[in-house]
Amino acid sequence: MSRAVAAAARPDRALHEALLRYVLRLGDTSLVLGQRLGEWVGHAPTLEEDLGLANLALDLIGQARLLLTYAGEIEGRERDEDALAYLRDAPEFFNLALAEQPNGDFGCTIVRQWLMDSWQLEIYTSLQESTDSRLAAIAAKALKETRYHYRFSSGWLVRLGDGTAESHERVQRAVDELWRFTGELFAADEVDERMVAVGIAPPLSTAEAHWSARVDEDLRAASLKRPAAQPYPWHGKRGVHTEHLGYVLAEMQHLQRTYPGARW
């Protein structure tokens, strides 16, 4: 049992709930993003990219399994990773809104992935030092995969952004469209503050500074412009989602909802 779970057994119920919500946010974000990438299987521009996106999706779903299993243990209601993935409705998901956005064209998917990879790279790097030993171990494993994800997405960002006039225009349009969702990545709330206070999670302000520098460097290499900061009405990590999440879950949860409790 990790130190965080042991602490949760003590009277500080608020800390217990904050830890549960924090782990769900990480797990839900990886799960939904993995589901989105899975939609590319059989549809990517080339076989190599088809396999590459499929591998990214499998890595993300693997991370989600570890995180949701841990969340189920923290919750203590005997809900395993499958129950948390398939038997919750959209308002009960706490993924970042960026992860649920539609794939669009290949360039749009690359931009979304690059933004998410850059964020996860900073979060998982810091979480290796978490006072929660279980979370630190999950982060260490996920970081190895995320480094590869980032190389894949940032490499394609530069290739497309600094490529033909059409590829540049499409990728810049995707950056302009998706940038409004990046504000949520570093918008700290009471859950984040509680996690920082006990050393479980890193301060988002520190992660934001590193993320911003990395993003600016990649945009320059890709000959792309950084959009201005924009207000946003969505706050996925608080359960307030765009209309797209419902469609993602309807497809992902179809078999389990149609045949409850079915086993292969």
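The values are calculated or read from the model by the stated rules, or taken from the named source; none is laboratory data. Since this is a predicted model, take the numbers as computed values, not measurements. Here the Cβ is made from the backbone with ideal geometry for all residues, glycine too, and neighbour counts use every protein chain on show.
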Hey, D50 more than 16 Å from the chain's Cα centre (by Cα), more than 26 Å from P202 (Cβ to Cβ) and touching a residue at least 12 places away in the same chain (Cβ under 8 Å) or not: no
When A83 is evaluated against the numbered criteria (1) touching a residue at least 40 places away in the same chain (Cβ under 8 Å); (2) aliphatic (A, V, I, L, M); (3) over 24 Å from G183 (Cα atoms); (4) in a helix (DSSP H, G or I), which criterion, by number, is the only one it fails? (1)
Here is a list of conditions, (1) closer than 20 Å to T29 by Cα; (2) surrounded by 13 or more Cβ atoms within 10 Å (Cβ to Cβ), and H168 meets all of them except one; can you say which number that is? (1)
Which of the residues spanning segment 172-219 are of a type in the set (S, T, Y) and closer than 24 Å to A136 by Cβ? S205, T206
The number of residues in segment 176-224 that are of a type in the set (A, V, I, L, M), buried (at least 19 other Cβ atoms within 10 Å of the Cβ) and under 16 Å from the mean Cα position of the chain (by Cα) is 5
With the first residue restricted to segment 178-191 and required to be farther than 14 Å from S205 by Cβ and in contact (Cβ under 8 Å) with a residue 24 or more places away in the chain, and the second required to be outside any loop (DSSP other than H, G, I, E, B) and among the small types (G, A, S), Cβ contacts under 6 Å at 6 or more apart or on different chains are F181/A97; E184/A97; V191/A18
Restricting attention to segment 234-264, which residues are in a helix (DSSP H, G or I) and hydroxyl-bearing (S, T, Y)? Y247, T258
Evaluation of P231 against (1) without any contact (Cβ under 8 Å) to a residue 24 or more places away in the chain; (2) assigned to a loop (DSSP other than H, G, I, E, B) (one fails), failing number: (1)
Subset of segment 233-264 that is farther than 13 Å from E100 by Cα and surrounded by 15 or more Cβ atoms within 10 Å (Cβ to Cβ) - its residue that is farthest from the chain's Cα centre (by Cα): Q256
In segment 235-250, how many residues are in contact (Cβ under 8 Å) with a residue 60 or more places away in the chain and either closer than 12 Å to R36 by Cβ or touching a strand residue (DSSP E or B) at 6+ places or on another chain (Cβ under 6 Å) (or both)? 4
Residue count, segment 130-141 (criterion: surrounded by fewer than 17 Cβ atoms within 10 Å (Cβ to Cβ) and not in a helix (DSSP H, G or I)): 1
With respect to T206, is the statement that it is more than 23 Å from L66 (Cα to Cα), touching a helix residue (DSSP H, G or I) at 6+ places or on another chain (Cβ under 8 Å) and modelled with pLDDT under 95 true? yes
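Condition check ((1) of a type outside the set (D, E); (2) assigned to a helix (DSSP H, G or I)) across all residues:
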| site | (1), (2) |
| --- | --- |
| E17 | no, yes |
| Y22 | yes, yes |
| R25 | yes, yes |
| A44 | yes, no |
| Y70 | yes, yes |
| E73 | no, yes |
| P102 | yes, no |
| Q120 | yes, yes |
